[in-house]
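The values are calculated or read from the model by the stated rules, or taken from the named source; none is laboratory data. All values reported here derive from a predicted model rather than from experimental measurement. Cβ sites come from the backbone with ideal geometry, for glycine too, and all protein chains shown count toward neighbours.
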Amino acid sequence: MKETLLAVDDEQDLLLLLKRTLEPELDCTVETALSGRAAIDLVRERPVDLVLADIKMPDMDGLELLKQFRQEYPWLTVVLMTAYGCIELAVAAIKAGAYDFITKPFDHDNLVLTLRKALERGHLLRENLRLQRCVQDESAFQNLVGRSRTMQRVYETIQMVAKTDLTVLITGESGTGKDLTARAIHALSSRARQPFVVVNCPAVPEHILESELFGYRKGAFTHATQNRIGLFQEAHGGSIFLDEIGDISTSIQTKLLRVLQEKEIKPLGDNRSIHVDVRVLASTNRNLEEKIRLGVFREDLYYRLNVLPIVLPPLRERREDIPPLVDHFLSKRCAELGKPAKTVSPELMNLFLKHPWEGNVRQLENIILRGILFAPQEQIRPEDIGFDQPQPGPHPAPTIDHAQSLYREAKEETLRRFHLEYLGKVLEAVQGNVTQAALRCGLERQGLQQIMKRYGIRAEPYRSGGQSS
């Protein structure tokens, strides 16, 4: 496809001459405009690769036209020409962003040479922009792996919704990549350079979640000794990802509905509302329609969230993606752990392809990690990771309630062990002083006490000399 040069001058004869001579010389299409305004209208209608514009024009001079193009199309190459050639004007044009400057009457060979170089520059700039976009897209999708038709539709949907500023609800079973999908949407959006704030809703106790989301004012409650901004304010200008939103209480749901409707938050203890410019991304592995039927999730909030839905398929429904996922995790994890490159045996891959994968992609990644750590040879075999036992073939997924129960039990046990070990070390370091321990953990004293009570952690065994806390 031929490149397009736009010639702008208030002299019709000169434009006709440029069109007649430059099209065969440069093998390009020459469009013409008799004024700066007409040039802007033309560029807004169809793409142009190079602009050759006169400086002295009645309605809008060339420098003003150049400024306008620099604002709207910063990659567009502009060459200016004038019959009033002087050093000062040339310097002003170059400083304003012109590629080059030509004086009238111009030498034909010099004009063609200048414009040919300008077209080459424009081509290089456009190619650079294209490569940058490809890198951006690849970076955004680098952890979402899959060549199946189902995943291709997911990628297309992500790219489509990323261009908007509307709320997105991502649904899917645990381990399907809902957090990675949210990050990809943010990375491909116009907010990519702004904050991306993640809120793991089930991990924050209900009485703390409201103050975490919306912030609070000094004196709003006991131990509120200073103002604190919430996560919505931290995400101002960017995106906030409400992970597993189906687990929040109805009181928090009501306040979230206000944020989505009014784009405003009200910190605890404040009677003023604060405007926030935040894009909301949410996820859930729950059946929200069932929760609405049971009266534990607000229907109006559901419809506010479900503006642009993305449904992530379970791994058992896209088994053709298992080999590339295995390769991806092997490469990623071996590099992170500083281990030599490994592969999986054909027997193990065959077992992977038949496995039900109730934990989806996350479960597969964890098994690959075990293989990297425990397999003595370069090739990971079934017996290296306990996969040599008869594996169940494909079968219907467990009920949602049963799967969620298993997930919650495993999560609770992991949290219990973490808190016992971590808080034990902190309390030992501060000799059982709960106030100091809370400071080290970045928590309010009351919040730490509630966590200690929940997991049966006492400060007394760590104290020496009866220190107060």
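Annotations
- Condition met for Tyr407 (modelled with pLDDT under 80, under 27 Å from Glu244 (Cβ atoms) and in contact with a Ser or Thr (Cβ under 8 Å, 6 or more places away or on another chain)): yes
- Among residues of region 1-37 being out of contact with any helix residue (DSSP H, G or I) (no Cβ under 8 Å at 6 or more places or on another chain) and hydroxyl-bearing (Ser, Thr, Tyr), the one that is farthest from Leu119 (Cα to Cα) is Ser35.
- Filter result for the condition that a residue is within 30 Å of Asn271 (Cα to Cα), crowded, with 16+ Cβ neighbours inside 10 Å, of a type outside the set (Val, Ile, Thr) and without any contact (Cβ under 8 Å) to a residue 40 or more places away in the chain, over Gly215, Gly230: Gly230
- Selection count, region 271-283, where residues are in contact (Cβ under 8 Å) with a residue 12 or more places away in the chain and either assigned to a loop (DSSP other than H, G, I, E, B) or more than 22 Å from Pro195 (Cα to Cα) (or both): 3
- Residue match in region 300-307 (condition: closer than 21 Å to Asn366 by Cβ, under 24 Å from the mean Cα position of the chain (by Cα) and surrounded by fewer than 20 Cβ atoms within 10 Å (Cβ to Cβ)): no
- The selection criterion, being modelled with pLDDT of 90 or more, within 25 Å of Arg149 (Cα to Cα) and assigned to a strand (DSSP E or B), does not hold for Ile322.
- Helices (runs of 4 or more DSSP H) wholly inside region 1-110 that include at least 1 residues being more than 26 Å from Arg126 (Cα to Cα) and aliphatic (A, V, I, L, M): 12-26, 87-95
- Here is the figure for region 267-291: residues that are under 27 Å from Ser189 (Cα atoms) and surrounded by 15 or more Cβ atoms within 10 Å (Cβ to Cβ) total 12.
- Cβ pairs under 7 Å, 6+ apart, first in region 284-296 and closer than 14 Å to Lys178 by Cβ, second among the small types (Gly, Ala, Ser): Thr284/Gly246; Asn285/Gly172; Asn285/Ser174; Arg286/Gly246; Leu288/Gly246
- Residues satisfying the criterion are present in region 206-225 (criterion: under 22 Å from the mean Cα position of the chain (by Cα), within 18 Å of Gly442 (Cα to Cα) and not aromatic (Phe, Trp, Tyr)).
- Just one residue in the set Leu76, Leu65, Leu50 is surrounded by 14 or more Cβ atoms within 10 Å (Cβ to Cβ), aliphatic (A, V, I, L, M), on the phi < 0 side of the Ramachandran plot and touching a Phe, Trp or Tyr at 6+ places or on another chain (Cβ under 6 Å); that residue is Leu76.
- Residue in region 130-149 that is out of contact with any helix residue (DSSP H, G or I) (no Cβ under 7 Å at 6 or more places or on another chain) and modelled with pLDDT of 80 or more present: yes
- Among the residues of region 27-39, the ones that are crowded, with 18+ Cβ neighbours inside 10 Å and either among the β-branched types (Val, Ile, Thr) or more than 41 Å from the chain's Cα centre (by Cα) (or both) come to 3 in all.
- Single residue of Leu373, Leu369 found to be surrounded by 14 or more Cβ atoms within 10 Å (Cβ to Cβ) and not charged (D, E, K, R): Leu369
- Flag not set for Ser331, criterion: among the small types (Gly, Ala, Ser), outside any loop (DSSP other than H, G, I, E, B) and touching a Lys or Arg at 6+ places or on another chain (Cβ under 7 Å).
- Number of residues in region 423-438 that are surrounded by 15 or more Cβ atoms within 10 Å (Cβ to Cβ) and either of a type in the set (Lys, Arg) or under 23 Å from Glu210 (Cβ atoms) (or both): the value is 1.
- Lone qualifier among Phe241, Phe232 - being at pLDDT 95 or above and closer than 19 Å to Ile208 by Cα: Phe241
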